[in-house]
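Presented below is the structure to which this report refers.
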Amino acid sequence: MIPGGIVGAGTKVVAVVSGVHDAGDVLAELLPKAAISWADADDLADSPWTIRAPEAVIVLARTPTDLRRIVSLRDLLPAVKRVVVAITATPSWYDAPHVALARGVGQRLVREVHITRYGTSGWLVATRLGKETPAGDIVTAVAAGGTGFHLAAYPLPAAGLGEPGLADWRPGDPDVAVGGRPEPSGIPSSDLAVRAPEAAWPDDRVPAAGRASWRDTAWTKAGAPDGYPVLRAASAVTPDHLPPVDERSVNPRGFLREPPQDIADLTGHAGVWGVTSEGRELVRFHESGLVADADVDRLRPLRGLRLNWRPAHTGPVAAARVVAGLAAAGVPLVSTGPAPIWAEPLLGGELLSHLATPGDIADDLRREEHSVRLRRHALRAHGTTARWHALAAAAGKPIPPDPPISVVLCTRRPDFVGFALGQIAAQRGVDVEVVLGLHGVPEEAVAGAVADFPLPLTIVTADAAKPFGEILNRAVDRTSGAYLTKWDDDDWYGPDHLADLVLARRYSGADLVGVASEFFYLEQIDVTIRRRWSSEVMADHVAGGTFLISRETLRALGGFRPVPRSVDIELFSALLRAGGCIYRTHGLGFMARRSARRRHTWQEPIGYFLHRAKEQWRGFRPSELMEQA
C-alpha cells in the first residue's frame, strides 16, 4: 500500500499507535519487510521502543481525532528522514490530507510526498525528507492539513501535561510541554498543567491540576459509583474533571437534516459503550470514552440515539465523555431514564435537562432544534477552549477575553433602525459594538432609536447616491472589533445568533461563517416558508445579512467592492478565489422578511420563494430558537 522505495526491506521503524486495537497486525501488513517496534501513544514516556537509531517513523491513528492526540506528544517522537502517517478511517467530508508545514522550517525539506487511499475511508501519507527532522513536525503538518485551520494554535494558557496518557486534555496542540521541566532559558515550559492526582509537578512556578486518567476511574478499579473518591466528594466535582471534547475534530459538521434511518440505542457491550441498530453494532467507542469524528460520521444517518444509563461501560468518566462528545457533535440524544448519581457533577445539570426533554425528534424541525441546544451547551461547557478557561480561572491565571464583534448596520429605512438595534441589544454571550451607516438618511431621523440603545454605537452618514459597497466600507473603517458582521435592518435574528457564529468559527476554522436563508416570512400573504438548504457544511455562500469575518481577512480582500448591489456575493467569490473557505452553520436563528412595499437589495417575486419552499405555514412561524421573535 505504500509506494515502493518509501520504506524498504530491513528499514528500522518505530511506530506510534492511537486508537487501533489490532495495531501489530496492521503494521505488519503496512510494512511487511521492515523491522518495527511500536508503542501506544499513552506509553511514549522514556522512549519505549526496542529499536535504537530508527530510520523511519510511522504513526498509525484510527481517525483524525486520534491523530490529533499524537500532535500533543510531538516532542516525544524521534528525528528521522522518513515519516509515514496512516489514518484507518475518516469522515465522509474529510478531504485528502496534505503536509501543511510551518513556513519557518526551511526550504526543500520535503523531497517526496505520496498521498494514497488506505482501505475504504482511510488515508496514507508517506514522506521522504532532505535531512533528519523531528517526526512530530510532519505529524503536526498532516493533522493541520485536514482541519481547515491556518494555525494549530489555541488562544489559551500554554499547557503542560504530566504524562502522555493525558494527551486527551490538550488534543491537537503542538505547543504542549510533556513532563514539565523548565526550558534551558529558565522560563517555565508552560503556564498551566494537568498531572496525575498523586504526581508532583517538577516546576513549582506552574500551577498543576490533578486529574485522573480513564483507567483510574474505571469500574474495575473504583468498584461502584461511590468508589471513585472524587465522585464521593460531589461538592468538589465539576465538569472540568472530564477530559474535554476536541471541538476542532468532533463538532456538528456533517449534520443531516433529514436522516434516512430511525433512532438507535446507545448502550453497553463487552464493557464499553457502543451504538446498536436492529441488532447490528454501528460504532463501538474506545474504553476511554473518546468520541472520534469518524464515529460521529457513521451515526449521521440516524434520527437519534436512546441513551441507556445502565453501567455496562468502562466507568463514569468514560461514559460521561461519550455523552459530552456526542452532544457536542449535535447527535440528537434522548435519555431513557433518570441519570445516575455520577452524571450531573461531570456533565452539568443543564445538559442533562436537555437530554431529558428533547421534544418530538420525529419532527425534523424539532429534532434539529434539540440538536442545536445540545451542541451549544456541550461545546461551550465541554470543549477544549472551555475546559482550559475553567482550569485557568481556578488557578487564578488570566483568560484571553472573547474577541469583540463590530456589527455593521447600513440602512436607507430609518423606521427600521429601532427594530434592528433592539435585536442587536438582545444578543447573548458576545461583546458587541455597532456602526450604523445612514445611506441618505439624516441623523435626526434615528435620534430616538439611537438614544435608547445600551451598547457602544457610532454613526456614519453618506449621500444616497453613493453605492452600497462604499457606505459599507466607510462603516467598516470606523469599527474596532476583531470580528465584523453585517446586519439587515428588517430581518429577524435569534438572541444566540452572534454567539452561534463565533462558536461555528471556533470549530470549523473557516475564514467566514454564516447561515443560509432558510426561513422567510412573506409579509404580503402572511405565510412563513422554509427552503431546502444544507447546514453545518463548507459552502460557497451564506445569507448576506448573517456572515462573520475577521477584520484582517476583510482588509486582505480589500473590503467590499464599491458597487450598488451584490456586495456579499462579490466578497464571497473574492474570498474563495484567494484560497479562503466559508462555513454555513444552522439557520434556525435567522428569518428573512419579504414585502412588496419595501425595497430589498435582493428582489424576487413571491412566487420565487413559494416555488422553492420545502415547508410552509400560515402566519409568522419562526423556529423556537428565535425566542423573542
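The values are calculated or read from the model by the stated rules, or taken from the named source; none is laboratory data. Because the structure is a prediction, the values reported are computed rather than measured. Don't worry about glycine lacking a Cβ; one is built from the backbone with ideal geometry, like all the others, and counts go over all protein chains shown.
Data for the structure
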| quantity | calculated |
| --- | --- |
| Count - residues of segment 172-197 that are over 18 Å from LYS397 (Cα atoms) and out of contact with any strand residue (DSSP E or B) (no Cβ under 9 Å at 6 or more places or on another chain) | 7 |
| Subset of segment 323-365 [in contact (Cβ under 8 Å) with a residue 24 or more places away in the chain and of a type in the set (D, E, K, R)] | GLU350, ASP364 |
| Unmet criterion (only one of (1) over 22 Å from VAL139 (Cα atoms); (2) modelled with pLDDT of 90 or more) for ALA212 | (2) |
| Any chance LEU347 is farther than 26 Å from ARG69 by Cα and not assigned by TED's automatic domain parsing to the domain that holds ARG531 | no |
| Qualifying residue in segment 243-250 (condition: at pLDDT 90 or above, crowded, with 22+ Cβ neighbours inside 10 Å and farther than 26 Å from LEU374 by Cα) | no |
| Among the candidates VAL323, VAL334, residue that is in contact with a Gly (Cβ under 8 Å, 6 or more places away or on another chain) and hydrophobic (A, V, I, L, M, F, W, C) | VAL334 |
| Residues being modelled with pLDDT under 90 and under 30 Å from VAL317 (Cα atoms) - total across segment 149-167 | 6 |
| Residues of segment 561-584 classified as crowded, with 17+ Cβ neighbours inside 10 Å and out of contact with any Lys or Arg (no Cβ under 9 Å at 6 or more places or on another chain), total | 7 |
| Enumerated strands (runs of 3 or more DSSP E) restricted to segment 255-322, each holding at least 1 residues that are among the acidic types (Asp, Glu) | 264-269, 280-284 |
| Selection from segment 484-513 of residues that are farther than 21 Å from GLY619 by Cα, part of a strand (DSSP E or B) and in contact with a helix residue (DSSP H, G or I) (Cβ under 7 Å, 6 or more places away or on another chain) | LEU484, THR485, TRP487, LEU512, VAL513 |
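The rows are residues; the columns are (1) buried (at least 19 other Cβ atoms within 10 Å of the Cβ); (2) under 25 Å from the mean Cα position of the chain (by Cα); (3) part of a helix (DSSP H, G or I).
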| site | (1), (2), (3) |
| --- | --- |
| PRO398 | no, yes, no |
| ASP402 | no, yes, no |
| SER406 | yes, yes, no |
| PHE419 | no, no, yes |
| GLY429 | no, yes, no |
| VAL446 | yes, no, yes |
| PHE453 | no, no, no |
| LEU472 | yes, no, yes |
| THR479 | yes, no, no |
